[in-house]
């Protein structure tokens with residue numbers, strides 16, 4: 001069993017003031033694999049003080065100097081790629097295919113941010129005025145457990161590009177993964193205090209970051225409920241906030257879509273990261289007359305989805321991150337049947353032979369109405385709801401009839417038609433005929449999926465404050 005009893009403050013590994021211990025449990029076996037000492041308010045205050053001191057000089061660094069630091073971070077994290085993948089699989093339970101993609105994204109985030117920085121102008125002329133884009137100050141970065149390393153790296157890269165220092169609160173459930181990243185960041189040789197990491201609970205470390213007057217900005221990824229709490233707390237000191245929150249993404253299959261291609265893609269969109277993804281396409285909208293063909297293809301496709309040991313390259317769906325998350329998904333599968341939806345495949349209980357871990361049977365409901373809870377609430381597990389529509393107009397209305405608006409998917413043989421539909425869907429990103437990611441394009445949500453954007457120019461500007469100088 002591994003013991004993590006240090007946090008990272010002012011360029012050094014230090015023993016936290018906090019004494020609470022947190023067990024790190026392997027979700028594949030439900031056995032304890034590590035123990036984490038959690039930081040407290042004092043640790044958070046020390047980290048903020050360190051970031052404040054470092055900001056004095058770091059905020060005045062040149063674009064070239066910041067690009068140098070990003071390159072150093074890239075090189076240090078890239079060296080530990082295999083270790084980071086292995087730990088993500090063991091601690092979180094991510095299938096190795098997804099873990100590999102996620103860690104590669106984390107590593108490349110530094111290079112992508114460098115590309116953004118190369119052509120970014122911090123001084124502009126607007127009207128008759130000179131406008132300077134200045135770093136906001138200390139960024140409070142709060143990240144979830146479902147792709148911890150990726151969120152930390154991308155947010156830190158953007159903060160550094162802007163000239164901000166950072167205090168990071170990762171999910172306490174990612175303690176072993178965070179330890180590896182701390183070692184990478186230390187090796188990268190950033191100036192002391194530029195990057196500080198405090199393991200701890202949201203209601204302790206996260207709350208202190210939210211209320212502390214020296215934190216200028218918060219970048220949070222996580223649940224909508226927590227995001228609202230952060231937004232309420234941040235307003236007292238007028239913090240800038242970027243909130244990337246929950247989703248209930250519609251996947252619209254127009255009546256001319258190639259179902260042989262679209263259905264396997266829809267299953268991948270729904271079950272990505274074992275269904276523990278805010279962008280998962282968990283509402284599949286199909287034309288009413290095509291439902292029998294869709295059901296047949298879904299049965300065939302889901303039967304080929306492999307649930308099991310996340311270390312195996314052929315595994316598509318791993319365990320839920322915790323027993324609590326497993327029980328949550330089970331409750332929704334039960335609820336779907338109680339609400340009157342038809343259980344096409346899957347259902348309650350563990351897949352045979354996988355009773356020791358937090359494994360879910362990949363589940364598909366049909367005859368789902370959009371007012372059912374399984375169609376409206378984020379389940380965060382491998383559960384897909386199929387909803388029928390009669391006309392294209394109705395499909396668009398159903399897609400938009402949600403509290404969320406993070407991502408959406410459209411499939412059609414006519415790309416111009418797909419674009420027209422995509423333009424009418426209220427979501428921060430719409431993917432047409434495929435599963436893509438563009439690290440330079442803005443990412444964030446409409447409605448209760450959050451506020452602000454990450455990645456590229458839009459993400460960088462969220463860490464900057466414009467100052468107009470009139471002469």
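Given labels modelled 7 Å from the Cα in the Cβ direction, how far is it in nm from residue 293 to residue 237?
It works out to 5.8 nm between the two label points.
What is the log10 of I(q)/I(0) for region 251-383, computed with the Debye formula using one identical point scatterer on each Cα and no solvent, at q = 0.10, 0.14, 0.15, 0.17 Å⁻¹?
Evaluating at q = 0.10, 0.14, 0.15, 0.17 Å⁻¹ gives log10 I(q)/I(0) of -0.29, -0.59, -0.68, -0.87.
Measure out, as a whole number of angstrom, how far apart the alpha-carbon centroids of region 82-157 and region 241-266 sit.
Centre-to-centre distance over Cα atoms comes out at 25 Å.
Can you give the extra length, in nm with one decimal, that the chain gains between residue 130 and residue 60 once fully stretched, where that is 0.36 nm per residue apart less the Cα-Cα distance?
23.4 nm
For the chain, report the translational diffusion coefficient in µm²/s to the nearest whole number, using Stokes-Einstein at 10 °C, 1.306 mPa s, and a Kirkwood Rh over Cα pairs.
69
Could you calculate the contour length gain from residue 29 to residue 393, that is, 0.36 nm times the residue separation minus the distance between their Cα atoms, to one decimal place in nm?
That works out to 126.3 nm of additional length.
Report the antiparallel proportion of the DSSP beta bridges in region 105-172 as a percent, rounded to a multiple of 5. All intermediate terms of the calculation are to be shown ahead of the outcome.
Numbers: 4 of 9 bridges.
Bridges in region 105-172 that DSSP calls antiparallel: roughly 45 percent.
What do you get for Rg/Rh over region 188-232 if you use C-alpha atoms and the Kirkwood form of Rh? Please report the intermediate quantities before stating the final value.
Details: Rg = 12.2 Å, Rh = 12.1 Å.
Value, to two decimals: 1.02.
Give the percent of DSSP beta bridges with both residues in region 250-432 that are antiparallel, rounded to the nearest 5. Don't skip to the answer; put the middle values down first.
On the way: 4 of 24 bridges.
Antiparallel bridges: around 15 percent, rounded to the nearest 5.
If each Cα of region 339-436 is one equal point scatterer, what is log10 of I(q)/I(0) from the Debye formula at q = 0.17, 0.21 Å⁻¹?
One equal scatterer on each Cα of region 339-436 leads to -0.88, -1.15.
Calculate I(q)/I(0) for region 68-118 by the Debye formula, one identical point scatterer on each C-alpha and no solvent, and give its log10 at q = 0.15, 0.20, 0.21, 0.29 Å⁻¹ to two decimals.
-0.42, -0.65, -0.70, -1.00
Which value at 222 nm does the chain reach when only helices count, each DSSP H run of 4 or more adding -39,500 (n - 2.57), with the total divided by all residues and rounded to the nearest 500 deg cm²/dmol?
Estimated from H runs of four or more residues: -12000 deg cm²/dmol.
Given contacts defined as C-alpha pairs under 8 Å and at least six residues apart, what's the relative contact order of region 216-255, whole-number percent?
51
Is region 36-142 rounded, prolate or oblate when judged by the Cα gyration tensor, a ≥ b ≥ c being the square roots of its eigenvalues, rounded requiring a/c under 1.5 and prolate requiring a/b larger than b/c?
Judged from the Cα gyration tensor, region 36-142 comes out oblate (a/c at least 1.5, b/c at or above a/b).
By counting other Cβ atoms within 10 Å of each Cβ, how are 225, 141 ranked from fewest to most?
Least crowded to most crowded, the residues run 225, 141.
Please list, by residue number, everything in region 3-19 whose backbone N is under 16 Å from a paramagnetic label point 7 Å out along Cα→Cβ of residue 186.
Zone members listed by number: 3-17.
Taking the 0 to 90 degree range and rounding to the nearest ten, how far is the long axis of helix 148-162 tilted relative to the main principal axis of the chain, both from C-alpha atoms?
40
Using the alpha-carbon atoms, what tilt in degrees (0 to 90, nearest 10) does helix 175-188 show relative to the longest principal axis of the chain?
40
Report the label-to-label distance for residue 71 and residue 335 in nanometres (one decimal), using points 7 Å from each Cα along the Cα→Cβ vector.
It works out to 5.1 nm between the two label points.
As a test, work out the antiparallel percent of DSSP beta bridges whose residues both lie in the chain, rounded to the nearest 5. Walk me through the numbers before you get to the answer.
Details: 27 of 68 bridges.
Antiparallel bridges: around 40 percent, rounded to the nearest 5.
Rounded to the nearest 10 degrees, what's the angle between the helix 259-271 long axis and the longest principal axis of the chain, both from Cα atoms, 0 to 90?
Approximately 50 degrees, to the nearest ten.
Take every Cα pair under 8 Å in region 250-432 that's 6+ residues apart, average their separations, divide by the length, and report that relative contact order as a whole percent.
Working: 345 pairs, mean separation 51.0, N = 183.
28 percent.
Report the label-to-label distance for residue 327 and residue 15 in nanometres (one decimal), using points 7 Å from each Cα along the Cα→Cβ vector.
The modelled label-to-label distance comes out at 3.5 nm.
Just so you know, all these numbers are worked out from the coordinates, no wet-lab data involved. Since the structure is predicted, the reported quantities are computational estimates derived from the model, not experimental observations. Here the Cβ is made from the backbone with ideal geometry for all residues, glycine too, and neighbour counts use every protein chain on show.
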